[in-house]
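A quick write-up on the structure given underneath.
The values are calculated or read from the model by the stated rules, or taken from the named source; none is laboratory data. Computed from a prediction, not measured in an experiment: that's the story for all the values here. Every residue, glycine among them, receives a Cβ derived from its backbone with ideal geometry; neighbour counts consider all protein chains shown.
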Amino acid sequence: MLTYILKRVGSALLTLFIVAVITFFLMNAVPGSPFMTEKSTPEQIARANEKYGLDKPVPVQFFNYMKNLVQGDMGVSLKMQEGTRVTELLFQQGKFGISCRLGVCALILAVIVGIPLGCLAAYNRGRFIDSVIRVLTTVGVAIPGFVVAALLLLVFCNKLGWFSTISGSLLDFKSYVLPVMALAFYPSCHIAKLTRTSMLDVINQDYIRTARAKGLHTKRIIFKHALRNSLIPVITYLGPLTAYIITGGFVVEQTFQIPGLGKYFIESILNRDYPIIMGTTILLAALIVIMNLIVDIAYKIVDPRITLTKGDV
Amino acid sequence: MEVKSEKNISAPESTPANDDVLLDVKDLRVSFFTPVGEVKAVDGISYSLKSNEVMGIVGESGSGKSVEAYAIMGLLQSPGKVIGGTVHFEGDNVLDYDKKQYTAFRGNKISMIFQNPMTCLNPVYTIGDQLMEALTCHNKDIEKDEKAENNAKDEGKKKTEITKEEAWKRAVEMLEFVGINNAERRMKQYPHEFSGGMRQRAMIAMALICKPKLLIADEPTTALDVTIQAQIIDLMKHLQEETGMSIIFITHNLGVVAEICDKVSVMYAGHIMEQGPVNEIFYNPAHPYTQGLLASMPRLDEETHERLIPIEGTPVDLLDPPTGCSFGPRCEHCMKICTSKMPPLIDVDGEGHKAACWLHVKNAFANKSKEGAQTNE
């Protein structure tokens, strides 16, 4: 087990390094410079480049960046208030915290709505309730996130007036409700679909017949015997989903005016704010790597036949 | 109240042939309603089974033998449906049971083991977990129940809840009972850590843990290799003698039937073609189909090694069954009447030996008229 974990950590670091290399060189391969605007003179650009070390050859810049990164320094933002450190922006100003809290809530909601819905549909296969759930989830998967967010705003804020349109920094419970619903909408539909498909396959298995022959109640058969066996595809989906959802949904954060991490992913690219692009990318990559490890361990917990230590890592 | 209780006592007696009859199936019909039409998988079969009796149901694939068992267990899945007949178990028609009653009935009074032990155990739970579950779901504490039955004073406490420790103990005993060594350790293992034969033993242990009165074994040895088959058959024989339960043994292996069964029903295309004590069926088969089955079976005791004789033709297409006797198109004795009417299951030579064949109906008529003539004389 220890060698397994060491191997996984090693491969994780390698993955992150490759992600960093690709991002860094791609970002620099785009012509132009972060400081190039209509008004800026060549001297100004040169001065700014010099200040941030962008005048050096790209490999040297990369080496310097990596040297700092190892020490936990992700550099300073090129565009924001002078001297804004990327690490500070991500972690200390609570940007990541806000997105993370929102994301975790949405994730929990998606799971507790999606899985039972999927079970219910699978159990009532071909009946009315199954058709309803199928139509709902298919529509849910097809509707873009901004439409869902806008609809929620329209109904609950404008028409009913239950919530405020601006959720802000999520200081009270009420401000969570709408963003979490908007963020969880797509994943819960997707999870319901995955669970249904997977469970339909499982409930035709011989061991389900055995469970029925034993005299177990339907609820127990579905939630004990069938569910655990149908969780693998759901877990596979949940891994990367967690990474994306806790780094913030750009659309939802924009719509509800939440100062989370989501908008930096987009803005940093539009602004060519190199250190922030690198910071957010590495953060997301790290989360995905970690989630994949957790997913693999979760497989093992759900299905004892899966061995972690054999085969390639 | 008194009247009611009297009624309860008298009710089972009023059902036909009640003395010691455990299972009484009458004219059971099961159909599958598929998009291309109705498939009569079981078309009016009847038999009865006494306690402590082992009955074999033989027939080729698709003859309806498993479907019939599923119908009794209430395990039929859509589009399969029981469309007629009765199944009396200890005097109750189980087909009238609601969902709850069926759940309490299955696995408790009647258990079933299946063809493929490799896929019949849930891969993600330990053997012990699955064994204990069979006990706890019926909330059955057998030892205490038995004690309670013996001790009239405890009658009020008859259904005591079983604790986890007791369930564990009982499950371990059960595993040892079916011949699994190291039962304590085996309890904590998962099905994939068991071999095929071991899994079937575990399945049997699970089926018997609530001490059912009837075990339906649906081709329990088909998926196992020959030496393991023999072990499982021996085990079942032994367990049957030990516990005194009845067994319905569904198989297409006539050798297995000869080994373990008291009586046999031969099924073809949803009908029982022949029924009777095992010796009668083997030494004095009455139906051309049974004769064909026996002729197509390799025999070790025969000195001359003759070619096996296959039954000509192909099994019935149940979507479009032939009119008349379903075996007619393949039968070498096929007569005119066979193509128009299904023969009834009639006595061939006493002792419960019955066959559904016009040959015997004719003979029976002939005998009857002979007898009549004799008495007239």
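B:L75 meets all of the listed conditions (1) closer than 14 Å to B:A41 by Cβ; (2) over 15 Å from the mean Cα position of the chain (by Cα) but one, namely (2). Only one entry in B:S48, B:S61 is farther than 21 Å from B:Y102 by Cα and either in contact (Cβ under 8 Å) with a residue 24 or more places away in the chain or crowded, with 18+ Cβ neighbours inside 10 Å (or both), namely B:S61.
Counting only residues that are out of contact with any Gly (no Cβ under 7 Å at 6 or more places or on another chain) and more than 7 Å from chain A (Cβ to nearest Cβ), how many does the range B:116-132 have?
8
Filtering B:V264, B:V278, B:V257 for residues that are touching a helix residue (DSSP H, G or I) at 6+ places or on another chain (Cβ under 9 Å), modelled with pLDDT of 85 or more and surrounded by fewer than 21 Cβ atoms within 10 Å (Cβ to Cβ) leaves a single hit, B:V278.
Given the structure, is A:I143 among the β-branched types (V, I, T) and within 22 Å of the chain's Cα centre (by Cα)? Criteria met by A:I143.
Here is the figure for the range A:83-142: residues that are free of Cβ contacts under 8 Å to residues at least 24 places away in the same chain and among the small types (G, A, S) total 5. Answer yes or no as to whether B:I209 is β-branched (V, I, T), buried (at least 18 other Cβ atoms within 10 Å of the Cβ), out of contact with any His (no Cβ under 6 Å at 6 or more places or on another chain) and at pLDDT 85 or above. It is true that B:I209 is β-branched (V, I, T), buried (at least 18 other Cβ atoms within 10 Å of the Cβ), out of contact with any His (no Cβ under 6 Å at 6 or more places or on another chain) and at pLDDT 85 or above. The criterion of being more than 27 Å from B:L28 (Cβ to Cβ) and either within 19 Å of the chain's Cα centre (by Cα) or without any contact (Cβ under 8 Å) to a residue 24 or more places away in the chain (or both) does not hold for B:L215. Once the range A:215-226 is narrowed to residues that are in contact (Cβ under 8 Å) with a residue 40 or more places away in the chain and more than 10 Å from chain B (Cβ to nearest Cβ), the residue that is farthest from the chain's Cα centre (by Cα) is A:I222.
A search for C-beta distances below 6 Å between a residue of the range A:1-30 that is of a type in the set (D, E, K, R) and any residue that is at pLDDT 85 or above and surrounded by 11 or more Cβ atoms within 10 Å (Cβ to Cβ), counting only pairs 6+ apart in sequence or on different chains, returns A:R8/A:L293. Where helices (runs of 4 or more DSSP H) fall wholly inside the range A:1-101, the ranges with 3 or more residues that are more than 20 Å from A:G279 (Cα to Cα) are A:2-29, A:42-51. Scanning the range A:117-142 for residues that are within 14 Å of chain B (Cβ to nearest Cβ) and closer than 21 Å to A:L231 by Cβ gives A:A122, A:Y123, A:N124, A:R125, A:D130. Going by what's in this entry, would A:A122 be described as part of a helix (DSSP H, G or I), more than 30 Å from A:I203 (Cα to Cα) and at pLDDT 85 or above? So A:A122 fails the test. Filter the range A:256-313 for residues that are within 14 Å of chain B (Cβ to nearest Cβ) and among the polar types (S, T, N, Q) and give the result. Passing the criteria: only A:T307. For the range B:273-295, a residue qualifies if it is in contact with a Lys or Arg (Cβ under 7 Å, 6 or more places away or on another chain) and among the hydrophobic types (A, V, I, L, M, F, W, C), and exactly one does: B:V278.
The residues listed here are B:T103, B:T86; of these, the one that is more than 13 Å from chain A (Cβ to nearest Cβ) and of a type in the set (S, T, N, Q) is B:T86. With respect to the conditions (1) in contact with a Phe, Trp or Tyr (Cβ under 9 Å, 6 or more places away or on another chain); (2) crowded, with 17+ Cβ neighbours inside 10 Å, A:I115 falls short on a single one, namely (1). Note on the range A:214-274: enclosed helices (runs of 4 or more DSSP H) holding 2 or more residues that are crowded, with 18+ Cβ neighbours inside 10 Å, of a type in the set (S, T, Y) and modelled with pLDDT of 80 or more are A:227-246. Determine whether the range B:159-172 contains at least one residue that is in contact with a Phe, Trp or Tyr (Cβ under 9 Å, 6 or more places away or on another chain), at pLDDT 90 or above and more than 9 Å from every other protein chain (Cβ to nearest Cβ). So far as the range B:159-172 goes, no, none of its residues is in contact with a Phe, Trp or Tyr (Cβ under 9 Å, 6 or more places away or on another chain), at pLDDT 90 or above and more than 9 Å from every other protein chain (Cβ to nearest Cβ). Screening the range A:183-214 for residues that are among the β-branched types (V, I, T) and free of Cβ contacts under 8 Å to residues at least 24 places away in the same chain and picking the one that is farthest from the other protein chains (Cβ to nearest Cβ) gives A:I208.
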